[in-house]
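Presented below is the structure to which this report refers.
Bear in mind that the values in this text are calculations on the coordinates, not laboratory data. This structure is a prediction, so every number in the text was calculated from the model and none was measured. When we count neighbours, we look across all protein chains shown, and the Cβ atoms used for this are built from the backbone with ideal geometry, even at glycine.
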Amino acid sequence: MSDQSREQILSDFQNCTGLEHIDECIHVLEQYEWNLPAAVQSVLDRIGCANDKETTVPNQDTVNNSTSSVAINTTNQNVNNKRQSDSNDIDDLDQPRTIKTIPGSQRTTTGIIGPVVRDLNFTIECRDRTEQIAMFDNESVYQLKAKICEKIPIPPNKQNFVNWETKSFDDQTILRDLHLPKENKIQLSSIENGSASRTQTHKSSEEFPITVLCEDQSGKMVPFKLILQSNTTISDLKKKIEHSAHIPLQSQSWQGLLGANDSHSITTNDDERMDIDHDSGLETYEDENPALSQNETSLPFGATTIASRVPLIPDEWTDDVSALENFARVFHARYGSTGPILYIGPLDQAIQDSVYASIHNRRPLAIYLHNDQSVCANVFCSQVLATDSIVEYLANNYVFWAWDVTSASNRTRLFETVRRCVGNQCVHRVGSIENDTFPLILIVIRSRGLLELVNIIEGKSTPSEVLLNLIQSHESFEEQRLRDVDEEIMREKRENLKKQQEDEYEQSLQADLAKERARQEEYDANERLKQQRLQQQEESKARLPEEPSETEKNITRLKIRLPNDEGVLMRRFHINNNLQVLFDYLTTHGRMLGEYKLLTTYPKRDLASLNASDTFEQLKLYPQEQLILESL
């Protein structure tokens, strides 16, 4: 079989079974000689639920009589917490729902956070060397060590992560289970003389097999064979089963742990064997007789401490979006419910998209503050926030933002943001509340343009009390919103009226300015014409010869009657003067050539239309003549 065909079979197998781990898929396919239908059917049959989309294939190694076993009941204890998706009838309980924010925009989208593969970046510092490595969070610690070995010549079994002393992991640990931020730094050192890894708290490299029987949904016992380090705790064992069998921690019900709690370690003992509760009807498997080493502090089975619990928001996470995505994932893994739909984004952006949204899309903001130090935290999350009626009411009427204030650094970070966005009064009220009063739901609305904390719902409240408080707070918000709507309508009317008046005033002003410009242009034109006439009069006056006396010979007397009874002009001219002299004379009296007709009585002629060089003698306008001037 070619490599290409095997890759296609592997891809089809993953699509059919939903399995993600390549090594696990190849192991199953090799068992069935790469027969795709047989391999898929074996996975579905052995898990016992053909419709389960996230199936894990157990180790099929033959279980011998020397194997110790632990039984686990996978009955889902959160059936009542299931709810239907808004868009279809498929149960989406297994995936935490969120609201995501697009940078630079105010729009949001709702979606499902599934087992999305995240990119992780590692900066490896070893002596004077620094290397960059990129990984996926579904890869194991051993795969990370192998990549480190490619760049820094230290074998994986000799690598020591110095600055990871507080993390609990081994080579088989999946990076996703460590809840790492995107950017990570590892200070690497080499373990000499075959000493054990620092992750082994008892400094022992001993390994031993153990088989865990898991009851599937059909009641069938499915064995899972694990290889454990001698320092493995009960908590680590549960996490391995969660990873191998896809059984959430909160859904696991164990038998045969002899009263040990999560912090107790498992060690091998040749003289003792782990006892199994035979009332469960399970077959007993024996291994190398691993026994539980009891710590000095004895806790009842099922008890947990805050130190052993993965925080909803780790201290080292500074990016709000990544922190809230981690909050949703850990909340789902811890409480077995998606809870309310979270707003994924900074608090100031949540405020903008809720109480500062447009008047018709505006919603109150519900800020959920979680504190693991409170005795009410577990009950409130599992029995109140998981209630369908509360989840639905929050989704339809609120923007729901959350934060974990268990650690002092996260609390300080939140208070700084709240002080900046909401105000000091809100910080003082929340800061004065005791830890056992948590979790809290703060209801923030906008009143008269200012943010106001109108209600604080405490963690000791019952589901009905929480729902009643949410309804009452939303009614107060809605009353204020309706008042804001009325004010907005009145404001728009005032602005429209003001704009209309401004437009009318502007139109009137433009009309007045146009008239003024026209008058000014007319005045300027008249002034220019007046100046031109004065200039023409001066020029004509300079050319006009003196009037001859009464006693001179060869003269003619002209009598010019003006229009509109304006009078008569009389003057003597030499008969050898031409008509231009007469025209100049009329110009000096304000009668410009071209603005009049100059008519003779008989024969009737218009002198203004004749040649200006003709003389009075030629035109027989002597010894005297009466002329009539008509304006054009």
(message) For region 491-594, what does the convex hull of the Cα positions come to per residue, in cubic angstrom?
(response) 118
(request) Just report the Cα centroid separation between region 352-405 and region 470-506, whole Å. (result) 29
(message) Per 0.36 nm of contour for each residue apart, how much would the distance between Thr412 and Val321 grow if the chain were fully extended, relative to their Cα-Cα spacing?
(response) 31.0 nm
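If region 309-476 were replaced by its equivalent ellipsoid, with semi-axes equal to the square roots of 5 times the Cα gyration tensor eigenvalues, what would those be, largest first, whole Å?
Equivalent ellipsoid semi-axes, largest first: 22, 19, 16 Å.
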(message) Below 12 angstrom from the Cβ of Leu558, what's the summed charge of the other residues (Lys, Arg +1; Asp, Glu -1)?
(response) +3
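Of the listed peptides 414-424, 393-403, 598-608, what is their order by residue-averaged count of other C-beta atoms within 10 Å, with the highest listed first?
Working: 414-424: 16.4, 393-403: 20.7, 598-608: 14.1.
Output ranking for 414-424, 393-403, 598-608: 393-403, 414-424, 598-608.
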(request) Just tell me which lysines come within less than 19 Å, Cα to Cα, of Lys597; anything on the same chain fewer than 8 places away is out. (result) Lys559, Lys620
(message) As a quick test, which of the pairs Lys145/Lys167; Lys185/Lys240; Lys151/Lys185; Lys145/Lys185; Lys147/Lys240 have an alpha carbon distance above 20 angstrom in this structure?
(response) Lys185/Lys240; Lys147/Lys240
(request) Quickly rank 567-579, 228-240 as a protection proxy: mean count of other C-beta atoms within 10 Å, highest first. (result) 228-240, 567-579
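What is the sum of charges, Lys and Arg at +1 and Asp and Glu at -1, for the other residues whose Cβ falls under 9 Å from the Cβ of Asn121? Before the final figure, lay out each step's value.
On the way: positive: Lys182; negative: Asp119, Glu183.
With Lys, Arg at +1 and Asp, Glu at -1, the net is -1.
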